[in-house]
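Worksheet: the structure to be examined is printed underneath.
The values are calculated or read from the model by the stated rules, or taken from the named source; none is laboratory data. Values in this document were obtained by computation on a predicted structure and should not be read as measured data. So basically every Cβ, Gly included, is an ideal-geometry build from the backbone, and we count neighbours across all protein chains shown.
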Amino acid sequence: MKCTLTTPLSVLLLMPLTAIAADQPPQTVAELWADFDPRKDPLEVEVVRQWKEDGGVYRYVRYLIGNFKGKPARMAAFYGFPEDAKGKLPAVMHMHGGGQRAFMEEVKTYVSRGYAALSVNWGGREMEDAKAGDPNTDWGSVDPTQQNVPGYFNLLPGDKFLVDHESPLNNNWYLLTLGCRRGITFLEQQPEVDAERIGIFGHSMGGNLTMYVAGTDNRVKVAAPSVGGQGHRTEPHEMMGGKAQQERINGDVELFARTLGFENYAPLIHCPVLHLSGTNDFHGWMDDVYRTNALIKDQSLRYAFSPHLNHRFIPAVAVTRPLWLDHYLKGGPALPETPASEWQLKTDDGIPVIRVTPKLSSLPIAHVDIYYSVDPDPRARFWRDAGAMRNGETWEAKLPVLSIDSPLYAFANVYYTLPTSESLPHLATITEGCLSTLLHSALPGELKAAGVRATDENSLLIDDFTRGWHDWYRLNAENKQFWQNWTRKVTDPKWRGADGAKLAITLAMPEANTISIVAIENEWRSYRGKKKTFICQYAVPADAKPQTIVLSPGDFKDSEGQTLATWSQLDQLGLCALFQQNERGKRSEPAKWNGELPKFHRLEWRQAKEAR
């Protein structure tokens with residue numbers, strides 16, 4: 001049986017393309033979605049396979065998305081629910097990120113928490129544990145997957161696009177959102193699901209889809225996007241050294257923004273939203289996450305930002321998502337409100353001050369971290385810890401700056417002690433949850449008008465590690481073959497290496513090993529210059545006592561054998577077991593590591609006269 005979408009869209013899809021060439025494209029989000037009814041057509045559900053595992057019932061399924069240009073499109077997905085479920089269950093839909101596929105792990109995690117869970121395979125990659133002949137996602141005559149990457153930025157007609165004239169109907173995000181909305185229809189039609197308790201979440205491109213679906217489907221009762229779904233992506237952003245822009249559109253840029261820009265979906269969202277991200281995310285720029293979500297009329301909003309991270313979370317941030325969903329779908333405890341914060345730019349000593357006063361909740365406060373930065377590029381910022389001091393129920397900190405010619409940004413993370421520990425896949429026991437304040441920002445003109453003065457001083461000491469890796473992010477932290485420690489501290493003017501300076505690293509390592517010291521120029525700043533990665537492979541002799549190695553820019557080489565000329569363009573510095581510049585998709589060979597991991601004692605700049 002072939003099914004069509006609703007009229008008049010279904011009629012349009014079946015008409016000869018030449019007959020609709022002059023049609024006026026939808027001009028707004030409302031017009032784009034006005035004629036689509038996700039419930040109208042039968043789903044034609046296929047159960048490819050069913051099994052039971054660890055108290056859950058699981059199914060590999062496919063459902064009909066619709067017919068496009070005369071051919072059916074079908075979505076593969078994993079679906080599961082608790083075997084011993086009594087009564088109707090809350091349900092969640094997961095939307096995977098770019099280059100990924102439907103996640104059984106996500107389904108199992110939420111089944112174990114008492115949900116019915118669906119993970120859709122919008123990208124069409126082979127499903128986990130697929131068997132020969134298993135049907136998969138098949139988009140038929142169109143292709144909104146990553147086999148058609150230009151389609152995410154496109155409005156113009158083409159072989160794999162929907163209509164023969166410029167229209168948002170030709171954009172991948174339109175079709176993907178449509179397919180995910182049909183996923184909600186799948187959930188609400190399952191006999192074990194309470195259709196009034198459906199939530200959605202997704203990561204990266206799945207975060208984009210979370211915002212699109214929440215903005216177009218009032219069946220969504222709660223949403224939790226991560227590292228995606230922020231608006232203003234077609235707008236040039238002013239940076240020091242040029243302008244940066246996320247998306248360049250093939251077609252009418254204003255039409256794209258009106259119909260597909262997240263800033264025009266946010267005002268249509270009427271469910272609670274928790275946005276998770278990293279402060280340095282390349283895909284979901286921090287400033288624009290706040291800017292976009294401020295447009296959501298239902299202000300049941302929370303933010304959880306992982307300091308220094310890009311496209312991943314610390315455990316205290318990761319745990320907020322299931323707790324958020326539990327509250328709105330299962331009646332679990334509420335997360336505290338967004339911590340109240342304010343800053344004062346005009347002060348007697350010319351040093352800005354920020355104050356954070358979390359509202360009382362059932363969760364005790366474990367600690368508060370206040371961060372600030374002077375870098376306009378959210379991807380490259382080093383977030384300085386301002387050293388929050390408690391004064392009664394308020395935490396406050398001063399924000400000294402080296403110059404008032406740079407902008408100023410600040411926010412805080414409040415960590416709460418959870419009533420019971422939580423567990424999530426691949427993470428240790430989680431005892432704290434983290435919520436972020438709103439983001440505060442001021443341009444140089446505002447700082448000057450407020451009488452802010454340059455009172456800070458440069459520092460030769462980058463880190464003495466008395467707070468461990470607080471100013472760093474770590475990958476494979478305890479893995480002796482692949483450990484990596486990274487900081488953006490060297491891009492901050494306070495800790496930037498001067499011309500002629502040398503880098504001194506003091507560490508103790510009982511057995512001899514070779515470590516990689518990695519310097520990355522212009523990681524995200526194409527407006528400033530080409531990204532380059534320079535590596536120094538240094539053979540450290542065995543010594544249980546602290547020893548110091550001293551490096552010049554010339555000790556670092558890129559893949560072409562060129563040496564680092566200056567420290568001034570650095571965005572990241574890494575201390576790693578082994579770091580190799582491999583082709584994309586190829587993993588580094590493991591380091592041949594002897595003994596225990598090194599203990600780092602000091603990282604600093606030495607001026608030419610003292611370097612030895």
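The strands (runs of 3 or more DSSP E) falling completely within the stretch 496-612 that include 3 or more residues that are in contact with a Phe, Trp or Tyr (Cβ under 9 Å, 6 or more places away or on another chain) and among the β-branched types (Val, Ile, Thr) map to 513-521. If you go through the stretch 357-385 and keep only what is within 24 Å of the chain's Cα centre (by Cα) and assigned to a loop (DSSP other than H, G, I, E, B), you end up with Val374, Asp375, Pro376, Asp377, Pro378, Arg379, Ala380, Arg381, Phe382, Trp383. Looking only at residues of the stretch 57-85 that are within 16 Å of Glu44 (Cα to Cα) and of a type in the set (Ser, Thr, Tyr), we find that the one that is surrounded by the fewest Cβ atoms within 10 Å (Cβ to Cβ) is Tyr63. Checked against the criterion of being over 21 Å from Leu603 (Cα atoms), over 24 Å from the mean Cα position of the chain (by Cα), surrounded by fewer than 16 Cβ atoms within 10 Å (Cβ to Cβ) and of a type in the set (Val, Ile, Thr), the candidates Thr455, Thr429 yield just one match: Thr455. Checked against the criterion of being of a type outside the set (S, T, N, Q) and not in a strand (DSSP E or B), the stretch 410-424 has at least one qualifying residue. On inspection, Ala388 qualifies as under 25 Å from Val289 (Cβ atoms) and without any contact (Cβ under 8 Å) to a residue 60 or more places away in the chain.
How many residues does the stretch 291-342 hold that are surrounded by fewer than 20 Cβ atoms within 10 Å (Cβ to Cβ) and assigned to a strand (DSSP E or B)? So the answer is 3.
Determine if the stretch 407-415 includes at least one residue that is under 30 Å from Ile515 (Cα atoms), at pLDDT 95 or above and surrounded by 16 or more Cβ atoms within 10 Å (Cβ to Cβ). The answer is no; no qualifying residue exists. On inspection, Thr259 fails the criterion of being β-branched (Val, Ile, Thr), within 24 Å of Pro38 (Cα to Cα) and touching a Phe, Trp or Tyr at 6+ places or on another chain (Cβ under 7 Å).
Taking the criterion of being in contact with a Leu (Cβ under 7 Å, 6 or more places away or on another chain) and acidic (Asp, Glu), the residues of the stretch 174-200 that qualify are Glu192, Asp194. Among the residues making up the stretch 458-469, those that are surrounded by 13 or more Cβ atoms within 10 Å (Cβ to Cβ) and not charged (D, E, K, R) are Ser459, Leu460, Ile462, Phe465, Trp469.
Could you list, in sequence order, all residues of the stretch 343-356 that are part of a loop (DSSP other than H, G, I, E, B) and surrounded by fewer than 19 Cβ atoms within 10 Å (Cβ to Cβ)? Selection gives Lys346, Thr347, Asp348, Asp349, Gly350, Ile351.
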